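Have a look at the structure below, then the notes.
The values are calculated or read from the model by the stated rules, or taken from the named source; none is laboratory data. The structure displayed is predicted, hence computed values, not measured ones. Because the Cβ atoms are built from the backbone with ideal geometry, glycine has one as well, and the counts that use them run over all protein chains shown.
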């Protein structure tokens, strides 16, 4: 079992950490043997469903990670030693999952691991992109700058997610209401209409027949449907964790209309900004491209950039390699990189590319958010009209048949 404790050392310093022991009493004994004065101790590992609920409630949200990264960047810019900065963040962090991760990071750093290596062990909290960007900062000696960039990047993502969520709240409520009404209609109203039509010897309209058949299938075989959907979801989740599945998924996203251009612009902005930081730090360009390929966040772009790095080692220019990868990098990127290579200001031109495409991404997201709500409302309106038509048309037909009899 794992316990979280707060204690004071003999010198009076506050110490927060975790201890593993078979029982709470054993954990107290372990801490006492280290000459610690225990203030509090609580079990952190719940079992079964309790653990899942605990993790769900206390999960690390984007806002928590943003605050941590911003505070970390501020402490590093103030030249606070790394271990001291981590201990300060442990005391300031309120989210227990994130706090546990920081404690583990501080322990790994104290044992001699690099910061990026320690953070990479906390994969449940920190993404691969986060770790790779931090590695690039360690290579260039610009960890403070990279942490600031990561804080800005997470802040943009949190803002984007918030805008999309706010735009979807009303449509989601309408979808839920539509599902509730549809279930009531399918399980209560439609079966009664079917019985009434059978008694007078009339036939239900085609649209009502299909809806009635669907409701009957769901009511009889709902458990089979749930098992099938669950099995399919588990299979897809396992497949997407594999390198092949990850690549196929990224390739699929790049071919989805509307979203493909948005994703390409976002990946190009990440590539340009990361490569600019690395080149400014003195990293050889081929090596910088390899590091950058792991920060973009797409296996497809990672493979394209690996091909570009191989081309550079053969004597080609970066602009030539990017022109060859025209499917993923717009011509503008290759042209501006060519100007940077000619003038010797490649890192500055890359930063301009990143700024330009970041603005393009923001504009595209704003337009997408504005379009989502009315588009969903039109779709929901059409579905509601179809549902009520399937009810009103047979009622009208039934009245007509009864009147003729």
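Which residue is surrounded by the fewest Cβ atoms within 10 Å (Cβ to Cβ), if the candidates are limited to segment 244-263 and must be under 18 Å from the mean Cα position of the chain (by Cα) and farther than 17 Å from residue 364 by Cβ? Among those that are under 18 Å from the mean Cα position of the chain (by Cα) and farther than 17 Å from residue 364 by Cβ, it is 252. Pairs meeting the criteria (first residue in segment 312-340 and on the phi < 0 side of the Ramachandran plot, second residue in a loop (DSSP other than H, G, I, E, B), beta carbons under 7 Å, at least 6 apart or on different chains) are 322/329. Looking at the structure I just gave you, is residue 69 assigned to a helix (DSSP H, G or I), surrounded by 15 or more Cβ atoms within 10 Å (Cβ to Cβ) and touching a residue at least 60 places away in the same chain (Cβ under 8 Å)? Yes: the conditions hold for residue 69. Pairs meeting the criteria (first residue in segment 114-139 and within 17 Å of residue 62 (Cα to Cα), second residue outside any helix (DSSP H, G or I) and modelled with pLDDT of 85 or more, beta carbons under 7 Å, at least 6 apart or on different chains) are 119/126. The condition of being surrounded by 12 or more Cβ atoms within 10 Å (Cβ to Cβ) and either farther than 30 Å from residue 137 by Cβ or not assigned by TED's automatic domain parsing to the domain that holds residue 314 (or both) holds for only one of 230, 281, 214, that being 214. Looking at the structure I just gave you, is residue 109 outside any helix (DSSP H, G or I), surrounded by 17 or more Cβ atoms within 10 Å (Cβ to Cβ) and touching a residue at least 12 places away in the same chain (Cβ under 8 Å)? In short, no. Among the residues of segment 1-22, those identified as free of Cβ contacts under 8 Å to residues at least 24 places away in the same chain and surrounded by 14 or more Cβ atoms within 10 Å (Cβ to Cβ) are 15, 19, 21. Report whether or not residue 291 is within 22 Å of residue 135 (Cβ to Cβ), touching a residue at least 60 places away in the same chain (Cβ under 8 Å), touching a helix residue (DSSP H, G or I) at 6+ places or on another chain (Cβ under 6 Å) and outside any helix (DSSP H, G or I). Spelling it out, it is not the case that residue 291 is within 22 Å of residue 135 (Cβ to Cβ), touching a residue at least 60 places away in the same chain (Cβ under 8 Å), touching a helix residue (DSSP H, G or I) at 6+ places or on another chain (Cβ under 6 Å) and outside any helix (DSSP H, G or I).
Against the conditions (1) over 30 Å from residue 367 (Cβ atoms); (2) surrounded by fewer than 15 Cβ atoms within 10 Å (Cβ to Cβ); (3) modelled with pLDDT of 75 or more, residue 139 satisfies every one except (2).
Identification of helices (runs of 4 or more DSSP H) wholly contained in segment 295-380 with 1 or more residues that are in the same structural domain as residue 246 (by TED's automatic domain parsing), under 25 Å from the mean Cα position of the chain (by Cα) and closer than 28 Å to residue 164 by Cα yields 299-313.
Scanning segment 259-273 for any residue that is touching a residue at least 60 places away in the same chain (Cβ under 8 Å) and more than 22 Å from residue 355 (Cβ to Cβ) turns up nothing. Quick check on residue 251: is it at pLDDT 85 or above, outside the structural domain of residue 129 (by TED's automatic domain parsing) and over 20 Å from residue 130 (Cα atoms)? Yes; evaluated as a whole, the condition is true for this residue.
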